[in-house]
Amino acid sequence: MSAQVRSPGRTNPQEGMMKKKEKPKPKGRPTKFSQKLLPIIERLTLRGFTDDEIAETLQVTDTTYHNWKKKHPGFFDSIKDWKLKADRDIERALYERATGYHHPETKAQYVQDLSGGRWETIEMTKHYPPDPTSMIFWLKNRQPKQWRDKIEHEVETGDTLSKLLAEIAAQGPQRPLSDNEAE
């Protein structure tokens, strides 16, 4: 006969095997990230807010905001898309300022008449001439070699300096001149 060794308090030897494994509780504070934040973050990104400014607006640290981007790849991809859209809008606006543009406008005007007066509206097209500052900015960034303020000049010294130093070194040490020889 074999005797079974039982630990104190257990009545069934298989009791330990039947226990369900409990999931470990997450460490730290629960995340503030939720899908409800996405429209807010999208608006802020499209308005040109930086990541740090968005984190401050959401009342989280910049580290937390960057961790959200790492932990949620779809969120990170959305941020990249929103930033790209904002950049494209700015590029388009800069291009229009540089080349000039026009847009329809409704002008309201109060007209006095015998019965007192009335408001009239006029549909018109407003024109904006090209802006030289926008042109310069565009060209300096698109064609920097031709339009930058700083022009780099390349000067070739050749091996002249190297040859001169080699000759001096080959002559060996020279004795210092005495006061009489220096005059």
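The numbers here are math on the coordinates, done by the rules we state, and not lab data. Just so it is clear, the structure is predicted and the values come from calculations on it, not from any experiment. Positions of Cβ are generated from backbone atoms using ideal geometry, with glycine treated the same way; all protein chains shown enter the neighbour counts.
At-a-glance table
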| read-out | value |
| --- | --- |
| Checking Phe137 against (1) surrounded by 12 or more Cβ atoms within 10 Å (Cβ to Cβ); (2) assigned to a loop (DSSP other than H, G, I, E, B), the condition it does not meet | (2) |
| Residue that is basic (Lys, Arg), in contact with a helix residue (DSSP H, G or I) (Cβ under 6 Å, 6 or more places away or on another chain), surrounded by 10 or more Cβ atoms within 10 Å (Cβ to Cβ) and part of a helix (DSSP H, G or I), where the choices are Arg97, Arg88, Arg92 | Arg97 |
| Every residue from segment 110-134 that is closer than 22 Å to Thr99 by Cα and in a strand (DSSP E or B) | Met124, Thr125, Lys126, His127, Tyr128 |
| Pairs, first loosely packed, with under 15 Cβ neighbours inside 10 Å in segment 45-72, second of a type in the set (Gly, Ala, Ser), C-beta under 7 Å, six or more apart | Leu46/Ala86; Gly48/Ala86; Thr61/Ala55; Asp62/Ala55 |
